[in-house]
């Protein structure tokens with residue numbers, strides 16, 4: 001049973017436009033959420049995080065929104081750039097349950113078209 | 001600079017052989033993790049460790065083992081390699097504080113023939 005789901009395997013966006021990547025989760029105990037970016041032949045790199053006490057976190061062009069009632073989070077990239085083309089993973093953890101494990105989604109491949 | 005390294009980066013082996021993938025981190029992190037990445041499955045947790053001599057099974061641990069004898073290293077052993085274990089393997093570490101983001105190594109591509 002997939003606890004963290006990324007239902008869109010791929011997304012194409014024009015350069016300069018907004019990219020919106022979505023993630024759904026099922027476990028209401030999740031309290032920390034991360035987004036990772038992965039280029040081919042490299043390990044994932046941390047992008048941005050949000051805790052369950054917030055509903056929004058911004059870092060430059062990247063904003064993560066959390067809707068706890070819907071168990072949904074999204075990553076907005078504005079404006080999108082060709083260098084943003086990568087696979088994006090969301091991940092969730094239930095740290096108040098005493099675990100440091102993150103459960104990862106299946107990833108969304110973003111292609112930003114020049 | 002602190003880093004996390006994996007070796008080898010590429011490995012081809014035969015069914016039934018024992019294989020060990022190395023992971024070494026210089027962050028001095030207590031937590032270390034092994035994942036495999038497969039198309040359609042994302043990153044799945046194999047084993048993890050919260051400190052020296054501590055090891056725990058993840059969601060896809062069958063056929064794999066780990067041991068943690070020091071802070072820096074968490075080698076992953078495939079006891080008898082199977083074709084289903086052909087995958088890209090990532091090691092990660094974290095310090096267990098704050099959002100506790102994990103730092104990943106560059107990956108090892110393993111092919112079992």
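The values are calculated or read from the model by the stated rules, or taken from the named source; none is laboratory data. Given the structure is predicted, the values throughout are model-derived calculations rather than measurements. Positions of Cβ are backbone-derived with ideal geometry, glycine not excepted, and every protein chain shown enters the neighbour counts.
Go through region A:86-103 and report how many residues are in contact with a strand residue (DSSP E or B) (Cβ under 7 Å, 6 or more places away or on another chain) and assigned to a helix (DSSP H, G or I).
Initial filter on region A:86-103 (in contact with a strand residue (DSSP E or B) (Cβ under 7 Å, 6 or more places away or on another chain)): A:86-93, A:95, A:99-103.
Keeping just the survivors that are assigned to a helix (DSSP H, G or I) gives A:95.
Result for region A:86-103: 1.
Looking at this structure, is residue A:33 within 13 Å of chain B (Cβ to nearest Cβ), modelled with pLDDT of 95 or more, surrounded by fewer than 18 Cβ atoms within 10 Å (Cβ to Cβ) and more than 20 Å from residue B:40 (Cα to Cα)?
Values: within 13 Å of chain B (Cβ to nearest Cβ): yes; modelled with pLDDT of 95 or more: yes; surrounded by fewer than 18 Cβ atoms within 10 Å (Cβ to Cβ): no; more than 20 Å from residue B:40 (Cα to Cα): yes.
It is false that residue A:33 is within 13 Å of chain B (Cβ to nearest Cβ), modelled with pLDDT of 95 or more, surrounded by fewer than 18 Cβ atoms within 10 Å (Cβ to Cβ) and more than 20 Å from residue B:40 (Cα to Cα).
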Count of residues meeting criterion [assigned to a loop (DSSP other than H, G, I, E, B) and within 16 Å of residue B:24 (Cα to Cα)] in region B:55-81: 8
Counted residues, region A:51-85 - those being modelled with pLDDT of 95 or more and not in a loop (DSSP other than H, G, I, E, B): 19
Residue count, region B:1-11 (criterion: surrounded by 12 or more Cβ atoms within 10 Å (Cβ to Cβ), part of a strand (DSSP E or B) and within 11 Å of chain A (Cβ to nearest Cβ)): 3
Members of region A:104-114 found to be outside any loop (DSSP other than H, G, I, E, B) and within 14 Å of chain B (Cβ to nearest Cβ), listed by number: A:104, A:108, A:109
Condition check for residue A:41: in contact (Cβ under 8 Å) with a residue 60 or more places away in the chain, under 30 Å from residue B:50 (Cβ atoms), out of contact with any helix residue (DSSP H, G or I) (no Cβ under 6 Å at 6 or more places or on another chain) and surrounded by fewer than 21 Cβ atoms within 10 Å (Cβ to Cβ): no
Leading residue by the ranking (nearest to residue A:48 (Cα to Cα)) among those in region B:61-98 that are within 14 Å of another protein chain (Cβ to nearest Cβ) and in contact (Cβ under 8 Å) with a residue 60 or more places away in the chain: B:94
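Consider residue B:17 carefully, then state whether it is on the phi < 0 side of the Ramachandran plot and within 13 Å of chain A (Cβ to nearest Cβ). Can you show your working first?
Numbers: on the phi < 0 side of the Ramachandran plot: yes; within 13 Å of chain A (Cβ to nearest Cβ): no.
Spelling it out, it is not the case that residue B:17 is on the phi < 0 side of the Ramachandran plot and within 13 Å of chain A (Cβ to nearest Cβ).
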Counted residues, region B:104-113 - those being surrounded by fewer than 21 Cβ atoms within 10 Å (Cβ to Cβ) and within 14 Å of another protein chain (Cβ to nearest Cβ): 2
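Could you please find all residues in region B:52-66 being loosely packed, with under 15 Cβ neighbours inside 10 Å and in contact with a strand residue (DSSP E or B) (Cβ under 8 Å, 6 or more places away or on another chain)?
Of region B:52-66, the ones loosely packed, with under 15 Cβ neighbours inside 10 Å are B:52-54, B:56-57, B:59, B:62-63.
B:56, B:57, B:59, B:63, listed by residue number.
Could you tell me whether residue B:101 is in a loop (DSSP other than H, G, I, E, B), within 14 Å of chain A (Cβ to nearest Cβ) and surrounded by fewer than 17 Cβ atoms within 10 Å (Cβ to Cβ)? I'd like the intermediate steps shown before the answer.
Values: in a loop (DSSP other than H, G, I, E, B): yes; within 14 Å of chain A (Cβ to nearest Cβ): yes; surrounded by fewer than 17 Cβ atoms within 10 Å (Cβ to Cβ): no.
Against the criterion (in a loop (DSSP other than H, G, I, E, B), within 14 Å of chain A (Cβ to nearest Cβ) and surrounded by fewer than 17 Cβ atoms within 10 Å (Cβ to Cβ)), residue B:101 does not qualify.
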Some residue of region B:12-30 being surrounded by fewer than 16 Cβ atoms within 10 Å (Cβ to Cβ), under 14 Å from residue B:87 (Cβ atoms) and modelled with pLDDT of 95 or more: yes
Residues of region A:57-75 satisfying the condition of being out of contact with any helix residue (DSSP H, G or I) (no Cβ under 9 Å at 6 or more places or on another chain) and farther than 26 Å from residue B:39 by Cβ: A:57, A:58, A:59, A:60, A:63, A:65, A:66, A:67, A:68, A:69, A:70
